[in-house]
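As structure tokens, the structure follows; a few thoughts come after it.
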Amino acid sequence: MTHEELQDLYELYVLGVLDGEEKTEVDQHLATECPQCQAGVQAALRFSSLLGTLPETVEPSRGLRRRVLASVGLESKAGRLWLGALTALSACLLIGVVVLSMDDTRRKDELAAVQSQLRLASNDRARIDAVLRFLNEPGTEQVVFGTGQVQPPRGRIFINPRGVALIAANLPPAPSGKIYEMWLVPKTGTPVPAGLFQSDAQGNALYMRTGPVDLTGTKAIAVSVEPAAGSQTPTTVVFAAGLSE
Amino acid sequence: MFFFLPFLAVIVDAKNEADLIRRLQSRDPNAMADLYDRFGRLTYGLIFRIVRNAAAAEDLVQETFLRVWNRVQAFDQEKGALGPWILAVARNRAIDYLRSVDGRMAQNVFELERMEQPSQFADFENEIMNMDRVRILKEAFQKLTPNQRIVLELAYYEGLSQTEMAARMKQPLGTVKTWVRTALKTLRQEIGEAATA
């Protein structure tokens, strides 16, 4: 197929709706880092983003903004007022202690640090809630990994046909410019990327990837260290956990 | 003198956006509020069009913005445009959801993610914020034949492959492919002509 003929396929390719030989052909061109195809794909992405503006504007509920901001810890969720009140009380106590014990300059720094910690705590709470809901879904299986090793990343993987969640400890933050990437390892074929995540300074990681999972066709879940934008094939595998047959 | 105003607006817009990306990368939660105020309605409109369910759409909007927040570190603050990236993430989340509801799980599920890597959005202009460009596209879309409009909607809003479209529409695959290609070509030409006019 010539590049002129491929021109008609890039939009469908970036929309993920190309199939059969045509998809294979574009894949093969891109795998060779063909500059014309790269440019074609970028142009198609630009074009497809414009298609996203076609729907009429619909006003979301007022609560959506609050929910989105709550997910990064800026505002508390309306349905969790008691938790918000508890957090606010803790904040007041913490801030009170700080205010009484610091001079003006140090006080500002400490206040900022306390506020930042509270925001992070709120963000973590939202993520933990989401993972807990996932764990309680019917059909969720769990796999333990890292037991019996001297200094391993340890943890559990929870998986069902609707997604996969990872809880890990002893997993140091990936170095600057790097990130952890999860992979679904099929029984046949190459590993499939399942999202990027980072562990915290204490070496703990909580990551959930929602989206369909072919449980019967998957033999393991792996985690590797990759460049910040992620990779299409695993580079340095940190650990892999096999699923039960 | 007023001739320069549109160019000035583009420069100011790009500067504001670079600043917004910088603030997101430094984990300033207020930046998330600005991001939502700028793209929230657009994102919700697109996702709602795809899933046609308000509750699911709101969940997916939240997931979209959280994903952007978690991945913005890899975004090039000088070269990238947030709007196209957010819409790509939003559309992919919604199509993922739709496929899982429809039981169409296997096809290209994780490949969608490849097309939302921040690095793919380098050297982009924020064309989705260009109201003239959006208006031209909407007008061009209305000029398409009914079948051409249907196949584009099936591809973009339902994530159907050409084979699946042919089955859904009970039409030969070749006919569907012709409709798709003609529709895309027409839109490309209209947008291209407007850009060079």
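The values are calculated or read from the model by the stated rules, or taken from the named source; none is laboratory data. Computed from a predicted model, the values in this text were never measured in an experiment. Quick reminder, even Gly has a Cβ in these numbers, built from the backbone with ideal geometry, and neighbours come from all protein chains shown.
Of the numbered criteria (1) more than 10 Å from chain A (Cβ to nearest Cβ); (2) crowded, with 18+ Cβ neighbours inside 10 Å; (3) at pLDDT below 90, the one B:W179 fails is (3).
Please work out which residue is surrounded by the fewest Cβ atoms within 10 Å (Cβ to Cβ), limiting yourself to the range B:34-92 and to residues that are among the basic types (K, R) and at pLDDT 90 or above. So, considering only residues that are among the basic types (K, R) and at pLDDT 90 or above, the one surrounded by the fewest Cβ atoms within 10 Å (Cβ to Cβ) is B:R52. Restricting the range B:134-168 to residues that are farther than 18 Å from A:L12 by Cα and modelled with pLDDT of 95 or more, the residue that is surrounded by the fewest Cβ atoms within 10 Å (Cβ to Cβ) is B:P146. Yes or no: the range B:75-82 includes at least one residue that is facing another protein chain (nearest Cβ under 10 Å), assigned to a helix (DSSP H, G or I) and out of contact with any Phe, Trp or Tyr (no Cβ under 6 Å at 6 or more places or on another chain). The answer is no; no qualifying residue exists. Of note, A:T57 does not satisfy the criterion of being facing chain B (nearest Cβ under 7 Å), among the hydroxyl-bearing types (S, T, Y) and under 27 Å from the mean Cα position of the chain (by Cα).
Being facing another protein chain (nearest Cβ under 8 Å) and polar (S, T, N, Q) is the filter here; which residues of the range B:138-176 pass it? If the condition is that a residue be facing another protein chain (nearest Cβ under 8 Å) and polar (S, T, N, Q), then B:S161, B:Q162, B:T163 are the ones that fit.
So that you can scan it fast, the table gives a plain yes or no per residue for (1) closer than 30 Å to B:F121 by Cα; (2) crowded, with 21+ Cβ neighbours inside 10 Å:
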site	(1), (2)
A:V164	yes, yes
A:P175	yes, no
A:Y180	yes, yes
A:T188	no, no
A:P193	yes, yes
A:Q202	no, no
A:I221	yes, yes
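Here B:P29 meets each of (1) at the interface with chain A (Cβ under 7 Å from one of its Cβ atoms); (2) at pLDDT 90 or above with one exception, condition (2). The number of residues in the range B:157-187 that are under 22 Å from B:L98 (Cβ atoms) and not in a helix (DSSP H, G or I) comes to 5.
Scanning the range A:24-43 for residues that are acidic (D, E) and part of a helix (DSSP H, G or I) yields A:E25, A:D27. Filter the range A:33-42 for residues that are over 25 Å from the mean Cα position of the chain (by Cα) and crowded, with 16+ Cβ neighbours inside 10 Å and give the result. Hits for the range A:33-42 are A:C34, A:C37, A:G40.
A quick yes/no check of all residues on (1) assigned to a loop (DSSP other than H, G, I, E, B); (2) under 25 Å from B:V89 (Cα atoms); (3) not polar (S, T, N, Q):
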residue: A:T188; (1), (2), (3): yes, no, no
residue: A:L196; (1), (2), (3): no, yes, yes
residue: A:G203; (1), (2), (3): yes, no, yes
residue: A:V213; (1), (2), (3): yes, yes, yes
residue: A:T216; (1), (2), (3): yes, no, no
residue: A:A222; (1), (2), (3): no, yes, yes
residue: A:G230; (1), (2), (3): yes, yes, yes
residue: A:V237; (1), (2), (3): no, no, yes
residue: A:A240; (1), (2), (3): no, no, yes
